[in-house]
Amino acid sequence: MNRPILGVSAVALAACLAGGAVLADEAENVTAWRLFVSDHAQPTVTVVDALDGDVLETLTIEGPATLHRSSSGKTVFAVQGAAGEVHAIKSGIAFHDHGDHADIDVDDPELLHVHIDGDKPAHFVERQGYVAQWFDGESKVRVFTEEAVLGEKLEIRTADIGAAHHGVAVPFQNHVVVSIPNPEDASKRPVGARVVDFEGNRIGEDVECPGLHGSAASGSLHALACDTGLLLIRQAGDAPAIEHLPYAASLPEGSASTLIGGTGLQYFVGNYGPDRILLVDPSEGENGFKLVQLPTRRVHFATDPIRPRFAYVFTEDGQLHQVDVLHGEIENSLRLTDPYSMDGHWSDPRPRVAVAGDAIVVTDPLDGKLHLVNAARFEKAGEIEIEGRPFNIVAVGGSGAAHGGEDGHDHDGHGHADDAHGHDHDHD
Amino acid sequence: MKKPFSLVAGLIVITFIIFGLPARAQAQKLSVVATFSIIGDFAAKVGGDRIELKTLVGPDSDAHVYEPRPADAIALARADVVLVNGLMFEGFLSRLIEASGTSAPVAELTEGAEILRDPEGGHYHYQGGRAVFHEAPYDAHAWQSVANAKVYVRNIARAFCAADAEGCAIYDANARTYLDELAALDEEIRQAVAAIPADRRVAVVAHNAFRYFEHEYGVTFLAPQGVSTESEASAADVASLIREIREKRAAAVFAENIADARLVEQIAREAALSLGGTLYSDALSQPDGPAATYAAMMRHNSSTIGAALAAD
């Protein structure tokens, strides 16, 4: 393994010099970032310390996985489509929010003894500790809590989705927003969304949104993409409410089918054709859409939870682009890998992007490495070699106050610091 | 105590230097961003027609949990003056300022106000049935005392004068007129509270945003700490609050415009008290509501409290 250039962050530099993966200054501030990287072909998830590049753990699961982190960062879910399994991994990093600061607990990562079996596990959505795991062959969506997963006592509730189809569900405490299967042919894309409860009741009116695919959260707002616009889902009193936001008339013909959500600023980024992305500020209605032209076709994208002004797009020419979401422009571009053509199968090994503190991390499956980019300067900052074909990646971490040796520290009733979370499901 | 230091890390708190200020073209209005509706109303009163005002967190919305949008960052980037409460009230602010790249001066309006420590080290908000704790050493809801509101208004006039010297006389005149209105409002509230029998001046709210009102006008507010309508422990926690309500002989329970009413409804039921109406704590009402301005909000709150507590 090449150790990364120690410019990923000043904090990381101090950590490496101190020889520690987790560091504490005199004020007991601790920073910890971990990367969870799945292999394209092997049933493994490699856990890497993002601050010093050391591999902490290689976890063996059932099959190649798509990874999703919970908004709390406590759990990483490995959705293994081919193996028909979903595993949960305790990230080992947890925050306890105290308003003006957060406490951090750092522990070993751990493959938990809970797993969710079923044919064709597909869309995974987590919202405020509630998880909806969709299985393409089932007529109900399974919902459970992150807390139960971490306690390894899984209690699954199910909600009716009408008929088995490739759809999506957004979980709430007592309700679920579910996609509506195409009545002509359930194998086609869903035609809208509705609110249901766990007793088989529908709440309110169905909302049309043909060609529905793609889902993301930004703060408390959740969005689903479709041919005619976005469905915006908010908590409204006891139940969620769905509102249709049509694409601006000024946009060219097209639609989004993959969404990610901003952290720190409430916005969404969607694909809009193979070589454009769409920035959406839902608060601005018709005026809230900005189209960004990319030099070549998009491979993957991510938002920056630390520097909310920026999102990153990796394109098939091997470049990473820094996008200013306020102005809708590419601010900087950086070549990182050899070209990765978007021709071929949607699931061929291609780079994925995550942000870990001061570093943007890009997987390079064909070269067996992670590329590190200093997010502040947008310059290459190093590489981490990973065995096999590192593919999917999520980052978990942050900074907080450590209370070493403090027994019984009480967090009852306290909120939890949220961090980056976006749902991405690439097969457009 | 007077506020000891600036609590919004990384913000540029303006210094009020009058000399050498850029003159503004008459046609160009001062671009002002106010973080939430109450200080937006103050800004409108002081700035009048000379300012272009954008308020980030609008009526009936909770600034503690506000999620800023790209449009907010763009507004900040274009602003001449940014008005904030400070005291960690606007949790979203430092990230938003950083994202915007604004070079506008940020006026922290609680500077110089009489600030209370929060004896609990923070307070709870109720969103979607959950209790969310906001830890802060000082109570941020300083506008609930009209004396402090006057400090906000003076700070706004100074901030506007610093950014627009030509308009300073207008801002000062507007501020003086408004300060006279606030003095009358303060007296009105005192009279409303005086009409409540002394042994009935105890109320219950879900989110303790009224400590300054209590300090200034002598009505005690009880608020649950950490009770969640969805938590298993809530029955025991509510029972503890019910005991306190009975011991202190609270006379009414109030809902708030920014808070989930389910919790106070539960408390009112279990304490056999009536709901005394809705108070406006951290945000104004919609324009057609009973608290569309700060003065209307304080009048509505004091009359609602007075009517409910005085009733047998």
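The values are calculated or read from the model by the stated rules, or taken from the named source; none is laboratory data. Please read all numbers here as calculations on a predicted model, not as lab measurements. Cβ: placed from backbone, ideal geometry, glycine included. Neighbour counts: every protein chain shown.
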| request: Residues that are of a type outside the set (Ser, Thr, Tyr), crowded, with 17+ Cβ neighbours inside 10 Å and modelled with pLDDT under 90: find the helices (runs of 4 or more DSSP H) completely inside segment B:233-312 holding 3 or more of those. | output: B:234-247, B:261-271
| remark: The condition from (1) touching a helix residue (DSSP H, G or I) at 6+ places or on another chain (Cβ under 8 Å); (2) within 14 Å of chain B (Cβ to nearest Cβ) that A:Asp103 misses is numbered (1)
| query | What is the number of the single condition among (1) of a type in the set (A, V, I, L, M, F, W, C); (2) out of contact with any Phe, Trp or Tyr (no Cβ under 8 Å at 6 or more places or on another chain); (3) more than 14 Å from chain B (Cβ to nearest Cβ) that A:Val299 does not meet? | reply | (2)
| remark: Residues in segment B:73-96 that are within 14 Å of A:Gly264 (Cα to Cα), assigned to a helix (DSSP H, G or I) and more than 8 Å from every other protein chain (Cβ to nearest Cβ) total 2
| task | Would you check which residues across segment B:155-176 are of a type outside the set (Asp, Glu) and free of Cβ contacts under 8 Å to residues at least 24 places away in the same chain and list them? | result | B:Ala169, B:Ala173, B:Arg176
| message | Just checking, does segment A:207-217 include any residue being under 25 Å from A:Pro282 (Cβ atoms), surrounded by fewer than 16 Cβ atoms within 10 Å (Cβ to Cβ) and not small (Gly, Ala, Ser)? | response | yes
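Among A:Tyr312, A:Tyr247, A:Tyr267, A:Tyr272, which is of a type in the set (Phe, Trp, Tyr), more than 14 Å from chain B (Cβ to nearest Cβ), farther than 28 Å from A:Thr337 by Cα and in contact with a strand residue (DSSP E or B) (Cβ under 9 Å, 6 or more places away or on another chain)? Please lay out each step first, then the result.
Numbers: A:Tyr312 fails: farther than 28 Å from A:Thr337 by Cα; A:Tyr267 fails: more than 14 Å from chain B (Cβ to nearest Cβ); A:Tyr272 fails: farther than 28 Å from A:Thr337 by Cα.
On inspection, the qualifying residue turns out to be A:Tyr247.
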| field | Test result for A:Phe124, in contact (Cβ under 8 Å) with a residue 40 or more places away in the chain, of a type outside the set (Lys, Arg), crowded, with 20+ Cβ neighbours inside 10 Å and within 14 Å of another protein chain (Cβ to nearest Cβ) | value | no
| task | Take the residues in segment A:139-163 that are under 12 Å from A:Val178 (Cβ atoms) and assigned to a loop (DSSP other than H, G, I, E, B), then tell me which one is nearest to the chain's Cα centre (by Cα). | result | A:Ile161
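Considering only segment B:273-295, how many residues are touching a strand residue (DSSP E or B) at 6+ places or on another chain (Cβ under 8 Å), free of Cβ contacts under 8 Å to residues at least 40 places away in the same chain and among the aliphatic types (A, V, I, L, M)? Spell out the reasoning first.
The first filter runs over segment B:273-295 and keeps only residues touching a strand residue (DSSP E or B) at 6+ places or on another chain (Cβ under 8 Å), leaving B:273-283.
Pick out the ones that are also free of Cβ contacts under 8 Å to residues at least 40 places away in the same chain and you get B:274-275, B:277-278, B:280.
Cutting the leftovers down to among the aliphatic types (A, V, I, L, M) gives us B:275.
Summing the residues that are touching a strand residue (DSSP E or B) at 6+ places or on another chain (Cβ under 8 Å), free of Cβ contacts under 8 Å to residues at least 40 places away in the same chain and among the aliphatic types (A, V, I, L, M) in segment B:273-295 gives 1.
Here is a list: A:Ala78, A:Ala94, A:Ala88. Which entry is touching a helix residue (DSSP H, G or I) at 6+ places or on another chain (Cβ under 6 Å) and in a strand (DSSP E or B)? Give the steps one after another, and end with the answer.
Details: A:Ala78 fails: touching a helix residue (DSSP H, G or I) at 6+ places or on another chain (Cβ under 6 Å); A:Ala94 fails: touching a helix residue (DSSP H, G or I) at 6+ places or on another chain (Cβ under 6 Å).
Testing whether each residue is touching a helix residue (DSSP H, G or I) at 6+ places or on another chain (Cβ under 6 Å) and in a strand (DSSP E or B) leaves just A:Ala88.
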| Only one of (1) at pLDDT below 95; (2) crowded, with 21+ Cβ neighbours inside 10 Å is not met by A:His416, so which one is it? | (2)
| query | Hey, A:Ala186 hits all of (1) touching a residue at least 40 places away in the same chain (Cβ under 8 Å); (2) part of a loop (DSSP other than H, G, I, E, B); (3) hydrophobic (A, V, I, L, M, F, W, C); (4) more than 13 Å from chain B (Cβ to nearest Cβ) but one; which does it fall short on? | reply | (1)
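Name every residue in segment A:211-246 that is under 12 Å from A:Ser257 (Cβ atoms) and either without any contact (Cβ under 8 Å) to a residue 24 or more places away in the chain or part of a strand (DSSP E or B) (or both), in order of residue number. Let's see the steps before the verdict.
Pass one, segment A:211-246, residues under 12 Å from A:Ser257 (Cβ atoms): A:211-216, A:224-227, A:230.
Those that are under 12 Å from A:Ser257 (Cβ atoms) and either without any contact (Cβ under 8 Å) to a residue 24 or more places away in the chain or part of a strand (DSSP E or B) (or both): A:Ser215, A:Ala216, A:Leu224, A:Ala225, A:Leu230.
Hey, among A:Ala169, A:Ala223, A:Ala159, which residue is within 14 Å of chain B (Cβ to nearest Cβ) and touching a Phe, Trp or Tyr at 6+ places or on another chain (Cβ under 8 Å)? Steps first, answer last, please.
Details: A:Ala169 fails: within 14 Å of chain B (Cβ to nearest Cβ); A:Ala159 fails: within 14 Å of chain B (Cβ to nearest Cβ).
Exactly one residue qualifies, and that residue is A:Ala223.
Every residue, every condition in (1) under 30 Å from A:Glu138 (Cα atoms); (2) buried (at least 18 other Cβ atoms within 10 Å of the Cβ); (3) at pLDDT 95 or above, yes or no:
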{"residue": "A:Trp33", "(1), (2), (3)": "no, yes, yes"}
{"residue": "A:Val37", "(1), (2), (3)": "yes, yes, yes"}
{"residue": "A:Pro43", "(1), (2), (3)": "yes, yes, yes"}
{"residue": "A:Asp54", "(1), (2), (3)": "no, no, yes"}
{"residue": "A:Ile61", "(1), (2), (3)": "yes, yes, yes"}
{"residue": "A:Pro64", "(1), (2), (3)": "yes, yes, yes"}
{"residue": "A:Ser70", "(1), (2), (3)": "yes, yes, yes"}
| In segment B:189-205, the residues that are surrounded by fewer than 16 Cβ atoms within 10 Å (Cβ to Cβ) and either in contact (Cβ under 8 Å) with a residue 24 or more places away in the chain or assigned to a loop (DSSP other than H, G, I, E, B) (or both) | B:Arg190, B:Ala195, B:Pro197, B:Asp199
| request: Name every residue in segment A:278-296 that is away from chain B (no Cβ under 14 Å) and either assigned to a strand (DSSP E or B) or buried (at least 20 other Cβ atoms within 10 Å of the Cβ) (or both), in order of residue number. | output: A:Leu291, A:Gln293, A:Leu294
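Residue-by-condition table, conditions (1) modelled with pLDDT of 95 or more; (2) in a strand (DSSP E or B):
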{"position": "A:His345", "(1), (2)": "no, no"}
{"position": "A:Val362", "(1), (2)": "yes, yes"}
{"position": "A:Gly382", "(1), (2)": "yes, yes"}
{"position": "A:Ser399", "(1), (2)": "no, yes"}
{"position": "A:Asp424", "(1), (2)": "no, no"}
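For the subset of segment B:49-71 comprising residues that are within 10 Å of chain A (Cβ to nearest Cβ) and assigned to a loop (DSSP other than H, G, I, E, B), which member is nearest to B:Ala209 (Cα to Cα)? Full working, then the answer.
First pass over segment B:49-71, keeping only residues within 10 Å of chain A (Cβ to nearest Cβ): B:64-71.
Then keep just the ones that are assigned to a loop (DSSP other than H, G, I, E, B); that gives B:66-69.
Values: B:Tyr66: 17, B:Glu67: 20, B:Pro68: 22, B:Arg69: 26 Å.
The residue in question is B:Tyr66.
Could you tell me which residue of segment A:250-264 is farthest from A:His222 (Cα to Cα), considering only residues that are part of a loop (DSSP other than H, G, I, E, B) and within 11 Å of chain B (Cβ to nearest Cβ)?
If we filter segment A:250-264 for residues that are part of a loop (DSSP other than H, G, I, E, B), which is where we start, we get A:250-258, A:262-264.
Then keep just the ones that are within 11 Å of chain B (Cβ to nearest Cβ); that gives A:262-264.
Working: A:Gly262: 11, A:Thr263: 12, A:Gly264: 15 Å.
Looking at the filtered set, the residue picked out is A:Gly264.
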| said: For the list (1) within 22 Å of A:Asp227 (Cβ to Cβ); (2) part of a strand (DSSP E or B), I need the number of the one condition that A:Val114 fails. | reply: (1)
| Can you name the condition, by its number, that B:Ala131 falls short on among (1) crowded, with 18+ Cβ neighbours inside 10 Å; (2) out of contact with any Leu (no Cβ under 9 Å at 6 or more places or on another chain); (3) modelled with pLDDT under 95? | (2)
